[in-house]
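Asker: This is the structure I have questions about; it appears just below.
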Amino acid sequence: MEWQSLGRMLIGVGALLFLLGVILVGLGKFLHIGSLPGDIVYKKGNFTFYFPIVTCIIISIIISLILRIFQR
């Protein structure tokens, strides 16, 4: 693999990650991703444990669909 093609691939991956980040930030403002029903929040005193299980599942499904589209 040539250095130029590796550089182009890294730029493409970076642009894709940037776009995905912008989409997630935008969706987070409108859909309140991260505070969905089913996310686990445990508070006791000054300790808080937060595990966004449903949010992780939804993001995983979205990323899988996007990758499946690009695979074809």
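The values are calculated or read from the model by the stated rules, or taken from the named source; none is laboratory data. As the structure is a computational prediction, the values presented were derived from the model and not from experiment. Here Cβ is always computed from backbone atoms with ideal geometry, including for glycine, and neighbour counts include all displayed protein chains.
Asker: Within the stretch 1-57, track down each residue that is exposed (fewer than 10 other Cβ atoms within 10 Å of the Cβ) and touching a residue at least 24 places away in the same chain (Cβ under 8 Å).
Answerer: Of everything in the stretch 1-57, nothing turns out to be exposed (fewer than 10 other Cβ atoms within 10 Å of the Cβ) and touching a residue at least 24 places away in the same chain (Cβ under 8 Å).
Asker: For the condition of a type outside the set (D, E, K, R) and modelled with pLDDT of 90 or more, what is the one hit in G45, G34, G28, G21?
Answerer: Among G45, G34, G28, G21, only G45 is of a type outside the set (D, E, K, R) and modelled with pLDDT of 90 or more.
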